[in-house]
1. Starting from region 21-35, take each residue that is within 18 Å of residue 45 (Cα to Cα) and list its partners that are acidic (Asp, Glu) and modelled with pLDDT under 90, counting only C-beta distances under 7 angstrom and pairs at least six apart or across chains.
2. Among (1) of a type outside the set (A, V, I, L, M); (2) surrounded by fewer than 20 Cβ atoms within 10 Å (Cβ to Cβ); (3) in contact (Cβ under 8 Å) with a residue 40 or more places away in the chain; (4) closer than 23 Å to residue 27 by Cα, where does residue 107 come up short?
3. Quick check on region 45-53. Is at least one of its residues basic (Lys, Arg), free of Cβ contacts under 8 Å to residues at least 60 places away in the same chain and farther than 18 Å from residue 8 by Cα?
4. Within the group 39, 85, 63, which residue is among the charged types (D, E, K, R), over 16 Å from the mean Cα position of the chain (by Cα) and at positive phi?
Amino acid sequence: MKIKQLDTILESILKRTYLSDYCFASKDLDGILDRREDEGFEKEWIDSHKRIEAKFSDSNLSEETKEKIEEIRKESFLATSRATEQHEIASYVSDDFDLIAKNIALGLADPFIDSLFEKYIQDKLPEGN
């Protein structure tokens, strides 16, 4: 079941349902980067990252699942990079999708990562306040 969810995410990135031109159009990407580095947003992201990575490193996920997670990370980076020509925002987005995919694959319910994913589902870029 989880691999199907990962397949759906990957397909949505490849079809540009997530990370469409609309997602990046007329956006102040530098402002978004600044707001993501806001103390509150950054702290929550880092805390979630630590929790998920600890569980991921102790997991026994299949190679297929790990490869799918890596493909999601890679394709989200490429889609963002093509749309924005800004590698910094592409790195942030791909890091988000890496955590989103790991959160799903591990069967976790990290509220912060779930909120990031909800923004992407709405074709919006997550940012701080």
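The values are calculated or read from the model by the stated rules, or taken from the named source; none is laboratory data. Values in this document were obtained by computation on a predicted structure and should not be read as measured data. Cβ sites come from the backbone with ideal geometry, for glycine too, and all protein chains shown count toward neighbours.
1. 32/127; 35/127
2. Residue 107 satisfies every listed condition except (4).
3. Taking every residue of region 45-53 in turn, at least one turns out to be basic (Lys, Arg), free of Cβ contacts under 8 Å to residues at least 60 places away in the same chain and farther than 18 Å from residue 8 by Cα.
4. Being among the charged types (D, E, K, R), over 16 Å from the mean Cα position of the chain (by Cα) and at positive phi holds for just one of 39, 85, 63, which is 85.
Okay, residues lined up against (1) over 18 Å from residue 3 (Cβ atoms); (2) hydroxyl-bearing (Ser, Thr, Tyr); (3) crowded, with 16+ Cβ neighbours inside 10 Å:
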site: 45; (1), (2), (3): yes, no, yes
site: 48; (1), (2), (3): yes, yes, yes
site: 54; (1), (2), (3): yes, no, no
site: 73; (1), (2), (3): no, no, yes
site: 81; (1), (2), (3): yes, yes, yes
site: 94; (1), (2), (3): yes, yes, yes
site: 116; (1), (2), (3): yes, no, yes
